[in-house]
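K.L.:
This is the structure I want to talk about, given as structure tokens.
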Amino acid sequence: MGLIQAQRGTRDILPGEIAYWQQVEATARAILHQAAFEEIRTPIFEQTDLFERGIGEATDVVGKEMYTFQDKGDRSLTLRPEGTAGVVRAFIEHGLHAQGGVQRLWYMGPMFRYERPGTGRQRQFHQLGVELLGSGNVRADAEVIAIAVDLLQAVGLNDLQLELNSLGTRDDRIQYRSLLVDYLTPYKADLDPDSQDRLTRNPLRILDSKDAKTQAILQEAPLLGHSLSVASQERFAKVQQLLTNLGIGYTLNPKLVRGLDYYSHTAFEFQSKQFGTVGGGGRYDGLIAELGGPETLAIGWAIGLERLIGLLQQLAPSQPTAIDFYIVSRGEAAEAQALKLAQTLRHAGFVTELDLSSSAFGKQFKRADRSGAAACFILGDAEAANQTVQLKWLATGEQQAIAQADLPALADTLHEQIARSRNDRSTTTV
Ligand code: HAM
């Protein structure tokens, strides 16, 4: 039998990379908490209908990319390809709208799309997203965008391009759709195959085509912005004004249409050179009613964490977990005391690693050095017999004997010494 490997388009996040994830997650929690958003966790799989109706059957996500299967009870289920539909389902199912006011929700977790794996493109990937339900106010649009900008800046990404467009109302889009189809139909044979297919299924997505010839044909195409009603145009102008007031830079992209069908009015994306779109979102005023809930206006976004972390990895190397103490011991009594010592140190707040090898002291010392610990505790037969321990600071080689019973009382002093030894080391290694 061959070796079993991770599935194509999935990957393990190993300890060497985990610090980035934890940093992003902690920053996101802090920023979203400050913005009065609350976390929601919805199931990984849902009834297939939810996505077909919510995201739209003509989209690539629903048409080509869903992980859909029949369970043993013959239900059609789908691994969630995105978070918005599940959040909206939960919002309706639990009557969150009945609480009145605005619901500010956020989520983080794995999503699944059967896409061709590539740079920043996986079949299982992670999104961090927010949904603000219950407000059609233009300030809600500016607020959720501002929170995304805050978050990206807080993790250290200051140079992403915010692109902005308005998709207007459903009526605006129906009118534009027929103008676009009228314009493109004579060129049908020259469009790339995907766009030919989209001409009847989902013509607005043609604007997103990466094909050079299709893009050349689109140069003269009518623009969605020109089909917007006066009210839609005024609304979009207000959103732009609010962003400008907040000092948030953006570029208008009249061809930005997004890949999911539920959007109306404001749509936006954060673009990077390396991974393309890092995050995106927009208003989805019709979705909640479409899924059987009360008429509720809403807006949100999601950021792809693999892409975000891919960018962070290029900016700064990962720091391994900083170990405070490494415990070295040999001999039955000493090893038993060492296990107890490890627990005492951990309870006093020290990151402590216990050498379990019982190998020669020399080998254990080498591992202590490699661990990056600030200091090492040493227990041999002599220490075990008189209930002491040797404490050796690895940067200086300084060593002292301490009674094991005195350790809890010394905790504060040891914390200070560790901080000082780290400081010394970081200033001498620059
Ligand atoms: P989306 O644009 O489909 O929007 O996905 C958001 C982000 O998820 C993308 O910008 C990208 O970073 C990441 N992403 C998508 N597909 C993949 C993939 N195959 N591999 C790696 N990363 C990927 C949504 O999903 C909407 N639910 C956002 C939203 C929330 N709109 C309103 N509220």
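The values are calculated or read from the model by the stated rules, or taken from the named source; none is laboratory data. These numbers come from a predicted model, not from an experiment. When we count neighbours, we look across all protein chains shown, and the Cβ atoms used for this are built from the backbone with ideal geometry, even at glycine. To get the accessible areas, we keep the full protein, side chains included, count just its heavy atoms, and leave off ligands, DNA and RNA. Shrake-Rupley method; radii C 1.70, N 1.55, O 1.52, S 1.80 Å.
K.L.:
Less than 29 Å apart at the alpha-carbon level, and either on another chain or at least 8 residues along: which lysines does that give for LYS340?
P.N.:
LYS340 reaches LYS363, LYS366, LYS392.
K.L.:
Taking the Cα centre of each part, how many Å lie between the stretch 314-350 and the stretch 101-176?
P.N.:
When both Cα centres are located, 42 Å separates them.
K.L.:
Would you tell me the accessible area of ILE217, worked out with a 1.4 angstrom probe on the heavy atoms of the protein chains, in Å² to the nearest 10?
P.N.:
20
K.L.:
While we're looking at this one, here's another question. Taking the Cβ of GLY380 as the centre, find all other residues whose Cβ is under 15 Å away and add up their charges (Lys, Arg: +1; Asp, Glu: -1). If you can, show how the numbers build up before the last one.
P.N.:
Details: positive: ARG330, LYS363, LYS392; negative: GLU332, GLU335, ASP355, ASP381, GLU383.
Net local charge, GLY380 excluded: -2.
K.L.:
Just want to confirm a number: the relative contact order over the stretch 37-92, from Cα pairs under 8 angstrom separated by 6+ residues, in percent. Don't jump to the answer; show the numbers that get you there.
P.N.:
Numbers: 56 pairs, mean separation 23.3, N = 56.
The normalised contact order for the stretch 37-92 reaches 42 percent.
K.L.:
A further question follows. Taking the C-alpha atoms of the stretch 33-109, how large are the radius of gyration and the largest Cα-Cα span, Dmax, in Å?
P.N.:
Taking only Cα atoms of the stretch 33-109, I get Rg and Dmax of 14.1, 44 Å.
K.L.:
Per residue, how much accessible area does the stretch 325-425 show when a 1.4 Å probe rolls over the protein heavy atoms, in square angstrom?
P.N.:
Values: 5420 Å² over 101 residues.
That works out to 54 Å² for each residue.
K.L.:
Note down the accessible area of LEU79, probe 1.4 Å, to the nearest 10 Å².
P.N.:
The accessible area of LEU79 comes to roughly 40 Å².
K.L.:
Counting only complete DSSP H runs, which helices of the chain cover 18 Å or more along their long axis at the Cα atoms and score a mean Kyte-Doolittle of -0.5 or above? Intermediate results must be reported in sequence, preceding the final value.
P.N.:
On the way: long enough: 15-34 (30 Å, -0.30); 138-154 (24 Å, 1.16); 170-184 (21 Å, -0.72); 230-245 (22 Å, -0.31); 332-347 (23 Å, -0.37); 407-428 (30 Å, -0.83).
Passing helices, by number: 15-34, 138-154, 230-245, 332-347.
K.L.:
Can you spot the lysines whose alpha carbon is less than 25 Å from LYS213's alpha carbon? Ignore those fewer than 8 places along the same chain.
P.N.:
LYS64, LYS188, LYS255, LYS273
K.L.:
Can I ask one more? Contact order normalised by length for the chain, with contacts defined as Cα pairs under 8 Å and 6 or more residues apart; what percent is it?
P.N.:
On the way: 688 pairs, mean separation 63.0, N = 430.
Once normalised by length, the contact order is 15 percent.
K.L.:
Turning to a different aspect of this structure: What are the semi-axes of the equivalent ellipsoid of the stretch 325-425, taken as the square roots of 5 times the eigenvalues of the Cα gyration tensor, listed largest first and rounded to whole Å?
P.N.:
Details: eigenvalues 76, 52, 27 Å².
Result for the stretch 325-425: semi-axes of 20, 16, 12 Å.
K.L.:
Can you send over the solvent-accessible area of HIS226, 1.4 Å probe, protein chains only, in Å² to the nearest 10?
P.N.:
150
K.L.:
Quick one: among GLN215, GLN404, GLN127, which has the greatest mean-square fluctuation in a GNM of the chain with alpha-carbon springs under 10 angstrom?
P.N.:
In this elastic network of the chain, the residue with the biggest mean-square fluctuation among GLN215, GLN404, GLN127 is GLN404.
K.L.:
Kindly sort ASP197, ASP172 by accessible area of their heavy atoms, largest first, with the probe set to 1.4 Å. Write down the numbers at each step before the final one.
P.N.:
Numbers: ASP197 70, ASP172 10 Å².
Of ASP197, ASP172, the descending order of accessible area is ASP197, ASP172.
K.L.:
Could you state the principal axis extents of the C-alpha atoms in the stretch 310-360, from the largest down, to the nearest angstrom?
P.N.:
Between the extreme Cα coordinates on each principal axis of the stretch 310-360 lie 50, 27, 12 Å.
K.L.:
Across the Cα atoms of the chain, what radius of gyration and what greatest pairwise Cα-Cα distance (Dmax) are found, in Å?
P.N.:
Answer for the chain, Rg first and Dmax second: 28.3, 94 Å.
K.L.:
Right, here's the next one. Counting only other residues whose beta carbon sits under 9 Å from that of PHE112, what net charge do I get with K and R as +1, D and E as -1? List each step's numbers first, then the result.
P.N.:
Details: positive: ARG80, ARG113, ARG123; negative: GLU65.
That works out to +2.
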